[in-house]
Amino acid sequence: MEITIIGGGNIGTQFAVHSAEKGEKVTVYTSQPELYDGHLCIVDDDGHITHQGNIKLATKDPRIAFQSADFIMVTVPAMMIQSAADLVYTYGKKDAIIGVVPGNGGSECAFMECIKRGNTFFGIERVPAIARLVEKGKSVKSIGYRDELHIASFPKGKAKICAELISNIFEKKVTVIPNYLNLTMTPSNPILHTSRMYSLFHDWHEGVFYNSVPLFYEEWDDQSSELLFACDDEVQKICQKLPEFTLQYVKSLKTHYESPTVEKMTEKLSSIDAFKNIKTPMIKADKGYIPDLHSRYFTADFSYGLSIIRQIAQYADVLTPTIDMILEWYRTIAIEKDEFSYHKYGINNLNDLKQFYCN
């Protein structure tokens, strides 16, 4: 199979290695093809190679990348998805299978024109494992592989084929879930990252500097957990208001992390091995450190994560005071004003939402 991976970052490299290891012809579409020598590997915490393979090509030419691809896997951040979708629509085959990971962030709307012309499109609920580049174009560390992955597709009838494809690549159980909105509403980074950012920086403004860079998870505190719980509860209220969408796979983070109390959640998030040594996105300034407002923790997780959840809440007539507070705070400090809007794709109310996700 001819497979093209869009993105040479953490997850893109992980996907490329596993696909190449299975003998597939893998092309990586990347802005820095000169960093690749054809061999990629995955290493563990100790630097031991656990998976490896040889890719066919790394290129930044979209025609070369997409014109013969049978399967295209999109791994770029949410704010880059629409540009990727436009290139795939222009240069990709009409019968190519298109996947995206993670499945939230509005990618299903970005690829709407591809879906309309006949492409099969699917999303994976969460990343298969935590991945961190060791050396771009060479190696990535991947730890904490999930035992099971969830996917949903457009059209729904093609989901089994997509599940088999991913199962073969990762040798994992892949379960088809009934509705793509389950992926869109998954309360992962869109509330995990945003609640933590608000907790850390809600009093920040230009001229404020910090003396150090906190560890994002290992120094997680109860205030962050309280905000996370409030957002998580609001997501569940939205799901309860939309029974026709079959949203039982939008699990509460209390369930996902087996942490029913604020204290348990703080203890859990600060002790997960795969989350260790992840620093809060900040940059060095003259007088200290300031938040990195160009980080995807801001530009993707607020504008293409929390914003989508809030729009669905508005369509469902559900009040979300904590989500509103966090999102409105972000808008006061945001450098990049681009934000996902369902209106752009002709989805203006609950009936439009049902037409798109339930048919």
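Read-outs: derived from the displayed coordinates by stated rules, not from any lab. Remember, it's a predicted structure, so these values are computed and weren't measured experimentally. Virtual Cβ from ideal backbone geometry, glycine too; neighbours counted across all protein chains shown.
Near Val100, the amide H atoms lying under 5 Å from its own belong to Val74, Phe122, Gly123, Ile124; only residues 5 or more places off or on other chains count, and H is placed 1.01 Å from N. Taking 0.36 nm per residue of separation and subtracting the Cα-Cα distance, full extension of the segment from Ile143 to Asp273 would add 45.9 nm. Each principal axis of the Cα cloud of region 2-177 was taken in turn, and the coordinate range along them, longest first, works out to 45, 35, 29 Å. Put in order of Cβ neighbour count within 10 Å, fewest first, the listed residues Met185, Met73 become Met185, Met73. Shape analysis of the chain based on the Cα gyration tensor places the equivalent ellipsoid semi-axes at 30, 26, 20 Å, largest first. Output the relative contact order of the chain, whole-number percent, from Cα pairs under 8 angstrom with separation of 6+ residues. 14 percent.
Our note on the geometry: Cα centres of region 312-359 and region 176-255, 15 Å apart. Of the GluC sites (Glu not before Pro) found in region 239-321, those in coil by DSSP whose Cβ has at most 15 other Cβ atoms within 10 Å are Glu258.
With the convex hull of the Cα atoms taken as the outline of region 184-358, the averaged projected area works out to 10.3 nm².
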